[in-house]
Structures are given as C-alpha cells and as structure tokens.
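Encoded as structure tokens, the structure appears first; notes follow it.
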2 protein chains.
Amino acid sequence: MSSYYEETSISTEVDTFIDSFLQAHDKRIEDLRNMPKQATEAIWHPFMQHSERNENNVVAMESAYGDYFQTYTKQKDASQASGEAKTSLLQPAFDASASWWTQGLGHGNPQLALTAAHAAGKYGHVMFAGAVHEPALTLAQTLIQRMDNPRLSKVFYTDNGSTGMEVAVKMALRAASKRHGWSPEDNVEILGLIGSYHGDTMGTMDCSEPSIFNKKVEWYQGRGHWLDFPQVKLRDGQWIVEPPKSMHKAVGKTRTFNSLEEIFDLEARRADWGRYRSYLDAELWHLRQQGHKFGALIMEPVILGAGGMMFADPLFQRCLVDAVRGIDPNMDNARAMDAQGADKDWQGMPVIFDEVFTGLYRLGRFDAAGFLGTDPDIVVNAKLLTGGLLPLCTTTASEAIFEAFLSADKSDALLHGHSYTAHAIGCSVANESLSTMASISQNEDWEGFRKDWKAPALAEGHRDSTPWSMWSKSFVETVSRKPNVESVFAIGSVFAMSLKDPAGSGYASTAATGLRDRLFNGGQSGEPVIHSRVLGNVLYLMGAMTSTPETLKGVEETVLRALDV
Amino acid sequence: MSSYYEETSISTEVDTFIDSFLQAHDKRIEDLRNMPKQATEAIWHPFMQHSERNENNVVAMESAYGDYFQTYTKQKDASQASGEAKTSLLQPAFDASASWWTQGLGHGNPQLALTAAHAAGKYGHVMFAGAVHEPALTLAQTLIQRMDNPRLSKVFYTDNGSTGMEVAVKMALRAASKRHGWSPEDNVEILGLIGSYHGDTMGTMDCSEPSIFNKKVEWYQGRGHWLDFPQVKLRDGQWIVEPPKSMHKAVGKTRTFNSLEEIFDLEARRADWGRYRSYLDAELWHLRQQGHKFGALIMEPVILGAGGMMFADPLFQRCLVDAVRGIDPNMDNARAMDAQGADKDWQGMPVIFDEVFTGLYRLGRFDAAGFLGTDPDIVVNAKLLTGGLLPLCTTTASEAIFEAFLSADKSDALLHGHSYTAHAIGCSVANESLSTMASISQNEDWEGFRKDWKAPALAEGHRDSTPWSMWSKSFVETVSRKPNVESVFAIGSVFAMSLKDPAGSGYASTAATGLRDRLFNGGQSGEPVIHSRVLGNVLYLMGAMTSTPETLKGVEETVLRALDV
C-alpha cells in the first residue's frame, strides 16, 4: 500500500495534475485581483461619481451566501502583502444594505435557485400579451388576496419599481383625467410628500420635487406639489413625532411618546388626528384655489426610502389620504375605514402607494398600507417580491382604475408592456418567496423579535399593525443616545441612524461615510466586516427576512464599537 | 409472478394510488381549463383593449419548449367537446413572435436553465453600486470587444430596453448640453425617424413623434423632430427602395434593385449617396435655422420594430449619421469611416443606436450598426441579450460620453440604478447566450441560410454586412406576389408582410388579424398551428437563432396555405 502511494506520488501524471490544479488556482486568484481594475475600464457604475473611482475602492464580489458577501478589495490585499496578519484573500462581509433592499431570503438561497431552474426549464420566457401561465396567475391571485384591500383587483406586470411606478402614474392620470374631463393642456399634477423618490426613469422623476437626484437631468420637470410632514424619531431614548417648523403653528411642536406602538395607535391619537386634518384640509383648499389639478396622491407609506430614509408619522399619511378622499374628519377610525371600504371607487384622486421598498414584510407585515389602516387604489411592489434574486414588479389596481381604460377603441388601452413582462422565472420565484416569507413571519425568530418590542398590550384587533423590529430594542435605544447620533429609528428589518452633520444634512453629506468605511475596513483585527450604504448623513442597516437574531446581534455589537471610535 | 400482480392489482393501496393519480390529473386539467377565466379576473394584460377580452381569447401557456408553446384555449376545447376530432387538450403552437422578440435559444433551453441555477446558487443577486462580479465584468468586456466599435468603452446595466434607452437619453443630453452650454430652458430635443419606438416609459415615449402608443398618455410631450425615410420592400418579386412622396423632389422616386445585397452595397450607390446627403444637409440646415437644438440622433438601425416593422434604407440611415457629424459628403465610404474612426469623440450630436430589437444576431450579425458601416456613440441592447430567459439591458457608451459626467461633484454623476442592476443570473445567462449564438452563427444551418440568399459575390471585406435571412428566398418571393400582400421583407430571423388594407394601414388596422386567427385556429385539421402577433396591417414571423430549416419550412408552408384561403 505504502509502496503504491510512493510510486504514484512520483509519477508524472500526479505532477501534471498538481501543476494544472495550481495553475487553475493561480488563474482564479489572478482574475479576482484584476477584477477591480478591469471594472474601472469596462463598467459604468450606478449612482457613482467616477472621478472618485479607482481600483482600490471597487469591491469584487467573489460570491455570496446567506447574509454575507465574499469580498475582495485591492486595498486590503495590499495591506496584507505589506506584512499585516495574512488571512484569506477573501473577506466575508455582512450585506447591510440587503443588496440595495432586495434580499428577502438571503444570497444563494437553494430553494429559490431550484425554483428558478424549474421555471427556466418548463417555460423559459413565454410571451404574455393575451396569454397567461400558472406562475403569473398564481402570483396575481396571491397579491390580491394577501393585500386584503377590497379595492384591488387587477395586477399589471413590469420589470422594476421605476417601470411599475410609470404604469401606476399612467393609470391614475387616465382615470382622473377621464372623470374630470381634463386634457393634456390642463397640466395635471401629482400630490406627494417632500423627499419622496419613485424611480429613476424621467417620468417617475417628474413625480418628485427637485432634488439632487433629478435636478441635473436635462428633461426633468417636477409636475406636482409636495407637502412637508412630521417625522418619527428616537432621540436620546425618547420616541418623538417631530413636525417641520412650517407646521408648528398649525399642528404644534414636537410631541413625545412612550413607545413606537403608541405612535401607531392611530385611533388613540384623536387630538393629533383633528390637528392634521384641519391643516391638510386647509392646504388642499388653497392648492385647489390656486388652480392645481391633481391626478394622483403618491406616497411611500411609513418609510420614505431612497429620498433619505425618513420615517413619516403614519397618522399624518393616513389623514392625507382621508383628506384627499373627503372623509368626514369627525369620524372615528373604524367608521372612516368602513366608509372607505363601502365604495371601492376612488374618491377625490386616485391614491398610489409606492410599496416597492416598504412592502412585503420589509416592515414586519405583508404590506405597509395596513399600518395606516387605509386602502390605496394602486399599489406597486418590487424588490422583496422575488426574495432577492432577479427583477420583477407588480402594479396592482382597483377595478375602477381598470375600467377607465375600457372602450371600443384599442388606442384607449394601457399601451405598455415590456418584452419579458411576467417572465415565468420571476413569477415562480416570487410565489416561492412570498410563501416562504409567510412561514418565516410565524417562526420562532420573528416571535422573539416581536416579544423584544412588545409594549403594553393594545386593544384587540390592533395586533397586525403593532410595529416592531428585527433590530433589538436595547441596541436601537443605545445608539440613539450616542453623542454623534442625531436620531435613529427601527421598524421591521430596517434600522437607520442620522449622524450629526455640522455641514448640514442631505444626499451630498459625508457625515456617515467615515462610519461606513470603519465598518468595512475594520476586518483586519478579526472583527466581523459590514458592507453598508449611506444616504447623505444616514447610515442604515437592513436584514434579510432570514437573518438570525445571532447574526444581527453580532452586527449590532460591531456597530456599537465603531460608533465609539 | 402473475399471482403477485393479480393480488397487488386488487389491493386497496393500488386503488388509492390510482385514485390520487387520477385526481391529480383531473385537478391539473381543471386548473388549465380555469386559467383563462381566472386571468380575466386577476390580470391586467399589456397592450390590450380589455373590452375585447374574454375567457375564449386568452391563451393558457401550459409550458413551452424549443420553438413551441403548449397552448390551451377554451374555444378549441369547446369545439372539440362538440364532436370534432378529439386530440390532445393541449395544442403545440409555433411561437412566431419569438415571444415578443426575446427568443434566441428556444424555450426551456437546458443550458440556460443550468446557467441560471448556477448563478442563483453562487450569488443570488449582489448589489452592484461600487462593486463588480465576474458575470457582469465578462459581459461588459464581451460586448465592448464584439461590437468592434472603437468609440465604445463603458457598459451601464439596467433591466429592460425602456430603462436602457432612458439612460442613453440622459447620457446624450448631458454630453450635448455640457459642450454647448445649454440649460433645461433651451428645450433640447431629439432628432429621429418617423415611426420610431424606443420604449414604454414616458421619457422614452417623448423621444418619438405622436402616435397611437403615446398620444393618449397624459404626460406625453414629443420632444424632437422626426424625419421620414425611404423604405426597403420586396413587391411582386422585385426589391425596391421607396422614398416617401415628400422626398420625391429631392431624391427621386422608387428605385429597383436586383437583390437585397445590392441595396446594402452602400459604396456602389454613389448617386443615391449624393442625393441623400444633399437632402439631409439641407434639412438639418433648416432645422437649425428654426432654432432647434438637438441633444441626440436616435435610430433603430435597419429595422424600425415596434413602430410597425419598417425596413429603412441603410444608406439613408448612414447618410443621416454622416450628416449630423458633418462628414465631407464627397468622401468615399472607406475614407469616411476612417475619418469617423480617427476621432472617438462625438461630432455634431451624440448618436444613439437603439439595437434592443435589431442587435445580437437578430439580423444575422452581431450588431446592426455594422450594416451601416458607422460607429454610434451609444448602443442599447436587450431582448436577445439573455437568449430569451429573463430581462436585462445594457447601455454601452463612448469614453467621451462617460467623461461628460466626471467632476468633483457627486451630483454631476449619472444618478441612475435599479435595485437588481447587473443581476448575476441575467449577466451569466447573457454570457452563455452570446457565446452559444456565436457558435450558431457558424453552424451548418446558418451556412445553409446564407447560401440560399447568396447573390453574386461582392468585393472583399463586405462579407459581414451581406444581408440574408433564415426565411427562404423562394418563400419570401412567393409571398411578395400574393394578391392580398402589399409588400414583404426578410432579413436575419425576421420576415414581415404588409397586407393590403382598404381602410388604410396603421396600428389600429385589422387587415392582418384575419390571417393571424387562421394561422392559430387552423389546427383542427392537423395543420401545424402558428401563434403570431400583428402590428397594424403587418404580420411578422420571427425565428429563434436555434430554429431549424425544417421547422421554418413547415411554418412557411402553413403560411402559404393560409394566404390562399
């Protein structure tokens, strides 16, 4: 036996094999080392000022699994080569932006990969005009049923949040223009909130007020009016609702609350309800007096994402919907909801909820609309829809909106549809994701998260809209007391902290980038590495639905240490 | 042994199994039968007037493989039940729209399914901002190398043709505005061709002249000037180039050619070249005199797809590029190309080629720009990019365009990027598709197609731009002589026929729908069934790159019979 091994081990076949094995390994390492530089030559990156790009600050993603990337950066490689402790060339990094808010079930999820492969083998992509296949039908039915919104009845498919919002806007403008007899010359506008963001296409950019994102786009022309709004924050351990200065006279100054739950108990906040409605009714009256014609109210419910991670007072958003619909402001919550539910047609103007970021378990429940206790006429979903694998978007509309496009004339139809509309892989993966996320929402980990956040029990029936977070209450409170932190919030999988920025906040701020870099580069000392994204002076952390309490706890500890540096 | 089978076959286990098997089968049939009706309840279809939709005209796609759907329609089910020959509930139907122009490698392609599964397992989706992964890098490098256009150097990823064109427009407008010092108030416009179509989003709709697609979109406002152009047609067996009436005075009337090849021999058409340039130079001079400021020339090279399947004279398109670039009109082709190649910067205005439909082997070669012998500054690719599996789009730009966004200010960057930008599955599948299509382009089937179309050999070096089609020359000529056919054309995988329409052509025409319905419903008599799409009075047929000569021949025979009904 040993002579066999001795002989074999000196044979040329083995040498050849070992050589080719080592060469393949060297090639793989070499490719990885070259990737950042090659990327700077061939790639135009999204959302990046390329004068700042170089081979040291492009991260090569070798692979990814669960909550972690396997990353390679030239910078770390160099510092290792210069004599620091040599570990692996690859660095696992916690994906703290959930890969731009897409990850529901973690990277490389085997079940999603199998589902994708099955649909690819059974259908590839099949044309969707005038046709239907099982995955697209099942997904449409599931969304309509699970959103539990009696208005919604029809699902339109596109490829991403931007195109889904384009469709939503086209739907709403047609419905409103048809009812009111408006023509294009009437300059129909959007009503929205300041700081909103609804996509990168020029049509969706026109739905937001001028900002860093759109003001230098040559064809941008904001078409609407945008209201400021009170924000929910945790500052120095105290939950507050902070109206902007411009609203102080009408609704009062900052108010404190005992818990996040208390802020979401809309019915109990009758005084705020009345103040908000008085303010909003007057605002709308003035806007109409000025001749504004609104074709839609568009809002991201609860959290305004890309515009800077702002937590809107859910009661204010609810009151805005009631106001545009002309709901009697003296009605209590239950009767107001009944009044809205009874008539499935839109009132005042179509209400679009952009749930591309906030929907589908991101905030701990199926939809974000439920937190407001109101039923939008159009809802847009994407990102988590496919659990984090590939692009797909749904725009779900009410029957009344759908009917506005019916006529004997083909040219009255919604003439919109991308080539891969309702692609079978996307729909199949979405069905698998939604059912898996539904199970997760009942599992022990999530029970634990909810228990951690439980405030004194609210009245029956509020259970579903009680807010909670995957990030621990103690972590959130501790961060809120840090001297360099202005305020924080957490809900569902999202945690965000605004860092104090002497130069004034905004997207161009650099207050948070120092912390981001410390979190990513701290790994030399064996510290777990965190790959995070910032929006101006806000650094956020976002788990996948599958992130475990242990993983999140490790991330929390790392962040707390980095904040103390 | 036989007693074993006898005993076993009467056991209750077997009965139970058979029952459950039959129940599962019945359920599957029942689900299939219910799908069209359920689709009318839950789905909002693309590009459809829903007042015409009912459970009889929605096609259920049970699955798909290769060139065929497995289709179920209520209508056929009912006609079978009423006593006609009972075959299968499912009907194989040739996918003659290549599933809205997406199919490169056929439905359910096993290699693409495996590639998708591998990427899903290795990465899922990984965030692309400031990052890179191997599939995205390889795809960018491949596109830049294979397009063989010395201007192109940077690839930007989005999800579909509409968003890719949005990016192209943002790029061009910025570059032009920066060089000329234009501000948004300068009302910068697009120069294009009448009948062009560049996407469904509102920004890309603004790039086309008013048409059925956009004129009822409330926010549409065409921002540009669109030129009419001479079209290539085969009528009664004769290839012609037919200028619109408005151009007769300047460029003459319809001219005849011995072959399609002759039309594409641009250098040999010196007289046309001179006439086109005189006409275009004068047009551009007038437009500039009127104060138009153009931020981009946008064209679909050779074939204008969604706008109605129009075959543009490639020489006219080439001359338009030369004209906006101010190339000396007396230069011969070779020197003109040299002159353009020497300066990689854009001249006059950035030139965008929308190759979403025409690119990547659709017309028989890697790109369609090569037919014109010119180098655009920006090229957009999608559809065939992923071989027909899932959405992905690339916008490839020149270094000069890229540099227009460089500054010390982040807000000058191209602030665009969708969540699933450069998703690993899409990029991996695209790499696999491009390399497979490259092999196919050298295989025996394609050699046969080329041989069928070979006209007398052209001068050396023209080989690559010689036009040919997967549809047989004899079929194309035969159809062109049918009394109900106005004209036809074929190039690459595309065949299109304009049917005579007494009521005048256009998207709302119904001249072709009768033929479409005959092709789809003819299957009762055992005739192969064809699922086709029409654009106004145009019915087109489109193969995948993998469609065999035998399959296409069968389709041709069916179409010829249907035309004679």
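The values are calculated or read from the model by the stated rules, or taken from the named source; none is laboratory data. As the structure is a computational prediction, the values presented were derived from the model and not from experiment. Note: ideal-geometry Cβ built from the backbone for every residue, glycine included; neighbour counts use all protein chains shown. In case anyone asks, the SASA skips ligands and DNA or RNA and just uses the protein heavy atoms, side chains included. Shrake-Rupley method; radii C 1.70, N 1.55, O 1.52, S 1.80 Å.
Okay, here's what the table says:
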{"item": "Residue that is most open to solvent (accessible area, probe 1.4 Å) [pool: residues in segment A:45-56 that are facing chain B (nearest Cβ under 7 Å) and out of contact with any helix residue (DSSP H, G or I) (no Cβ under 6 Å at 6 or more places or on another chain)]", "result": "A:Ser51"}
{"item": "Evaluation of A:Asp343 against (1) closer than 25 Å to A:Asn149 by Cβ; (2) acidic (Asp, Glu); (3) touching a helix residue (DSSP H, G or I) at 6+ places or on another chain (Cβ under 8 Å) (one fails), failing number", "result": "(3)"}
{"item": "Restricting segment B:129-149 to residues that are closer than 14 Å to B:Ala397 by Cα and in contact with a strand residue (DSSP E or B) (Cβ under 9 Å, 6 or more places away or on another chain), the residue that is farthest from the other protein chains (Cβ to nearest Cβ)", "result": "B:Asn149"}
{"item": "Selected residue (criterion: farthest from B:Gly364 (Cα to Cα)) from residues of segment B:381-413 that are within 7 Å of chain A (Cβ to nearest Cβ), in contact (Cβ under 8 Å) with a residue 24 or more places away in the chain and in contact with a Phe, Trp or Tyr (Cβ under 8 Å, 6 or more places away or on another chain)", "result": "B:Phe402"}
{"item": "Matching residues, segment B:75-91, being within 14 Å of chain A (Cβ to nearest Cβ) and either open to solvent by less than 60 Å² (accessible area, probe 1.4 Å) or modelled with pLDDT of 95 or more (or both)", "result": "B:Leu90, B:Gln91"}
{"item": "Residue that is nearest to B:Thr436 (Cα to Cα) [pool: residues in segment B:534-565 that are open to solvent by 50 Å² or more (accessible area, probe 1.4 Å) and either assigned to a helix (DSSP H, G or I) or of a type outside the set (Ser, Thr, Tyr) (or both)]", "result": "B:Glu550"}
{"item": "All positions within segment B:60-74 that are open to solvent by 10 Å² or more (accessible area, probe 1.4 Å), touching a residue at least 24 places away in the same chain (Cβ under 8 Å) and within 18 Å of A:Cys427 (Cβ to Cβ)", "result": "B:Glu62, B:Ser63"}
{"item": "Some residue of segment A:177-190 being modelled with pLDDT under 95, open to solvent by 10 Å² or more (accessible area, probe 1.4 Å) and at the interface with another protein chain (Cβ under 8 Å from one of its Cβ atoms)", "result": "yes"}
{"item": "Options A:Val302, A:Val351, A:Val324: the member that is under 28 Å from A:Tyr540 (Cα atoms) and in contact (Cβ under 8 Å) with a residue 40 or more places away in the chain", "result": "A:Val302"}
{"item": "Odd one out for B:Val169 among (1) more than 13 Å from B:Thr395 (Cβ to Cβ); (2) under 20 Å from the mean Cα position of the chain (by Cα)", "result": "(1)"}
{"item": "Any hit, segment B:377-391, residues being at pLDDT 95 or above, in contact with a Cys (Cβ under 7 Å, 6 or more places away or on another chain) and in a loop (DSSP other than H, G, I, E, B)", "result": "yes"}
{"item": "Residues of segment A:102-128 that turn out to be under 19 Å from B:Asn109 (Cβ atoms), under 24 Å from the mean Cα position of the chain (by Cα) and more than 7 Å from chain B (Cβ to nearest Cβ), as a count", "result": "1"}
{"item": "Residue that is modelled with the lowest pLDDT, among those in segment B:3-35 that are open to solvent by less than 70 Å² (accessible area, probe 1.4 Å) and either within 14 Å of chain A (Cβ to nearest Cβ) or in contact with a Ser or Thr (Cβ under 8 Å, 6 or more places away or on another chain) (or both)", "result": "B:Val14"}
{"item": "Residues of segment B:416-425 satisfying the condition of being more than 7 Å from chain A (Cβ to nearest Cβ) and closer than 28 Å to A:Asn214 by Cβ", "result": "B:Ala422"}
{"item": "Qualifying residue in segment A:141-155 (condition: farther than 27 Å from A:Gly364 by Cβ and within 21 Å of the chain's Cα centre (by Cα))", "result": "no"}
{"item": "Failed item in (1) open to solvent by 10 Å² or more (accessible area, probe 1.4 Å); (2) of a type in the set (Gly, Ala, Ser); (3) facing another protein chain (nearest Cβ under 7 Å), with A:Ser153 passing the rest", "result": "(3)"}
{"item": "Breaking point among (1) modelled with pLDDT of 95 or more; (2) farther than 29 Å from A:Thr386 by Cα, for A:Gly492", "result": "(2)"}
{"item": "Breaking point among (1) more than 7 Å from chain B (Cβ to nearest Cβ); (2) under 30 Å from B:His198 (Cβ atoms); (3) not acidic (Asp, Glu), for A:Leu434", "result": "(2)"}
{"item": "Residue among A:Ala306, A:Ala397 that alone is in a strand (DSSP E or B) and either open to solvent by 10 Å² or more (accessible area, probe 1.4 Å) or touching a strand residue (DSSP E or B) at 6+ places or on another chain (Cβ under 9 Å) (or both)", "result": "A:Ala397"}
{"item": "B:Glu447, sole failed condition from (1) at pLDDT below 95; (2) surrounded by fewer than 16 Cβ atoms within 10 Å (Cβ to Cβ); (3) part of a loop (DSSP other than H, G, I, E, B)", "result": "(3)"}
